[in-house]
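Undergrad: One structure is given below, represented as structure tokens, and several questions about it will come after.
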Amino acid sequence: MIPFSREGDDLVASFTTVEVGLLSELLDQLGELLAFRDDSDPALARLVPDAYRDDPEAASEFRRLMADELVGRKEANARALRDSLAEGRVRLSPAQVQSWLRSLTDLRLVIASRLGIENDDDRGADDPFLQDVYGWLGYVQSSILDALED
């Protein structure tokens, strides 16, 4: 990946074919997780957490009222990431930057859940591939944030 940099109001970067394929596959998996909504999946609990941890009844009511909207926004952000990634060279408007940051966070939350990472200090499960993907997604996020600061 050639990191993000600023061009006017936009951010630009380039991704290899392998990186585009990896991001596409991760977005497909995120889409499946959101579509099937298996409440027993800890990754889904990280993506759509309880709003009221000390009040199960209020949490259930909030989830009933808001889960579809929250999931819909996550799906829209993932579509925006996928649509802007099509060519490998990416040009993001300020609105697209927000979609990328949110989707990258969602992807990292799912992987962190799969690795058993709960806190910044956790190493998680010994899965070198997932560890590398988790780190790379963090690098992509960091690249966006660094470009925004410039």
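The values are calculated or read from the model by the stated rules, or taken from the named source; none is laboratory data. Predicted model only: the values in this text are computed from it and were never measured. Heads up, the Cβs are rebuilt from the backbone with ideal geometry, glycines too, and the neighbour counts pull from every protein chain shown. Calculation scope for accessible area: heavy atoms of the full protein, side chains included, ligands and nucleic acids excluded. Shrake-Rupley method; radii C 1.70, N 1.55, O 1.52, S 1.80 Å.
Undergrad: Please find, among VAL71, VAL97, VAL110, VAL133, the residue that is β-branched (Val, Ile, Thr), touching a strand residue (DSSP E or B) at 6+ places or on another chain (Cβ under 8 Å) and in a helix (DSSP H, G or I).
TA: VAL97
Undergrad: Considering the range 16-45 alone, what residues qualify as being open to solvent by 60 Å² or more (accessible area, probe 1.4 Å), within 17 Å of the chain's Cα centre (by Cα), farther than 14 Å from SER103 by Cβ and not hydrophobic (A, V, I, L, M, F, W, C)?
TA: Within the range 16-45, GLU32, ARG37, PRO42 qualify.
Undergrad: Quick one: LYS74 ticks every box in (1) among the basic types (Lys, Arg); (2) touching a residue at least 40 places away in the same chain (Cβ under 8 Å); (3) in contact with a Leu (Cβ under 7 Å, 6 or more places away or on another chain); (4) open to solvent by 40 Å² or more (accessible area, probe 1.4 Å) except a single one, so which number is it?
TA: Just one mismatch for LYS74, condition (4).
Undergrad: Out of the range 59-71, which residues are of a type in the set (Gly, Ala, Ser) and open to solvent by less than 30 Å² (accessible area, probe 1.4 Å)?
TA: Selection gives ALA59, ALA67.
Undergrad: Filter the range 81-96 down to the residues that are without any contact (Cβ under 8 Å) to a residue 40 or more places away in the chain and surrounded by 14 or more Cβ atoms within 10 Å (Cβ to Cβ), then identify the one that is nearest to LEU27 (Cα to Cα).
TA: SER84
Undergrad: Specify the residue that is least open to solvent (accessible area, probe 1.4 Å); the eligible residues are those in the range 99-142 that are at pLDDT 95 or above and acidic (Asp, Glu).
TA: ASP106
Undergrad: Under 6 Å between Cβ atoms, which residue pairs at least 6 apart in sequence (or on different chains) link something in the range 122-150 that is within 26 Å of PRO94 (Cβ to Cβ) with a partner that is in a helix (DSSP H, G or I) and open to solvent by 50 Å² or more (accessible area, probe 1.4 Å)?
TA: If the second residue must be in a helix (DSSP H, G or I) and open to solvent by 50 Å² or more (accessible area, probe 1.4 Å), the pairs left are LEU137/ARG108.
Undergrad: While we're here: Among the residues of the range 106-125, what is the count of those that are touching a Leu at 6+ places or on another chain (Cβ under 9 Å) and of a type outside the set (A, V, I, L, M, F, W, C)?
TA: The total comes to 7.
Undergrad: If we keep just the residues of the range 46-56 that are in a loop (DSSP other than H, G, I, E, B) and aliphatic (A, V, I, L, M), which is farthest from the chain's Cα centre (by Cα)?
TA: The qualifying residue farthest from the chain's Cα centre (by Cα) is ALA51.
Undergrad: Let me ask something additional. Taking ILE111 and the conditions (1) more than 30 Å from GLY8 (Cβ to Cβ); (2) without any contact (Cβ under 8 Å) to a residue 12 or more places away in the chain, which numbered condition does it fall short on, given that it satisfies the others?
TA: (2)
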